[in-house]
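The values are calculated or read from the model by the stated rules, or taken from the named source; none is laboratory data. Everything numeric here is computed off the predicted structure, so don't read it as measured data. Cβ sites come from the backbone with ideal geometry, for glycine too, and all protein chains shown count toward neighbours. To get the accessible areas, we keep the full protein, side chains included, count just its heavy atoms, and leave off ligands, DNA and RNA. Shrake-Rupley method; radii C 1.70, N 1.55, O 1.52, S 1.80 Å.
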Amino acid sequence: MAQKDGSMGGDSLGVKAVPTGPTPGGGVVVEVREKKGPLRAAIPTMPFPLAVICLFLNTFIPGLGTFISAFTVLCGARSDLVAERGACCVFWLNVAAALIQIATAVIMVGWIMSIFWGMDMVILASYRDQGVPQDV
């Protein structure tokens, strides 16, 4: 159900209708953006080689790459949350994510989370190197 501002009423889900000119099918263009939680939004955008090293470390020692990436925030790496909450808060969010990964690695959840975290780091780094906006 469209609202007056052109949104589909699902802004909490990240779905929004974008008014454009006529489309070939006569439909509405819908843009979907993922809403990130604070831990995921705190993943820093690092240089590509460092992101690959963090992925490698996260694959074999869950949480280690995430812990190292936390220090890149203090060295100037950008994140979606740095402007809102500051570098110190983003640093501690990354440390918390690393500790969660380490603590839950015993039941495989942390290990899988750690690998996905490393993959997100590499994806963000590749977007950074290509000059693409950071919406993953």
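I'm checking my understanding of the structure. Among residues of segment 20-35 that are among the charged types (D, E, K, R) and open to solvent by 90 Å² or more (accessible area, probe 1.4 Å), which one is modelled with the highest pLDDT? Steps first, answer last, please.
Within segment 20-35, the subset among the charged types (D, E, K, R) is 31, 33-35.
Cutting the leftovers down to open to solvent by 90 Å² or more (accessible area, probe 1.4 Å) gives us 33-35.
Details: ARG33: 75, GLU34: 73, LYS35: 78.
Ranking the qualifying residues of segment 20-35, first place goes to LYS35.
Return the residues of segment 90-116 that are over 15 Å from PHE71 (Cβ atoms) and either open to solvent by less than 30 Å² (accessible area, probe 1.4 Å) or of a type in the set (Ser, Thr, Tyr) (or both); say none if nothing qualifies. Don't jump to the end; show me each part of the working.
Quick first cut of segment 90-116, residues over 15 Å from PHE71 (Cβ atoms) only: 100-116.
Correct list: GLN101, THR104, ALA105, GLY110, SER114.
Looking at segment 46-55, can you tell me whether even one residue there is in contact with a helix residue (DSSP H, G or I) (Cβ under 7 Å, 6 or more places away or on another chain), in a loop (DSSP other than H, G, I, E, B) and surrounded by 17 or more Cβ atoms within 10 Å (Cβ to Cβ)?
yes
Considering only segment 120-132, state which residues are over 12 Å from the mean Cα position of the chain (by Cα) and at pLDDT below 90.
Here is the first cut: in segment 120-132, the residues over 12 Å from the mean Cα position of the chain (by Cα) are 126, 128-132.
Matches in segment 120-132: ARG128, ASP129, GLN130, GLY131, VAL132.
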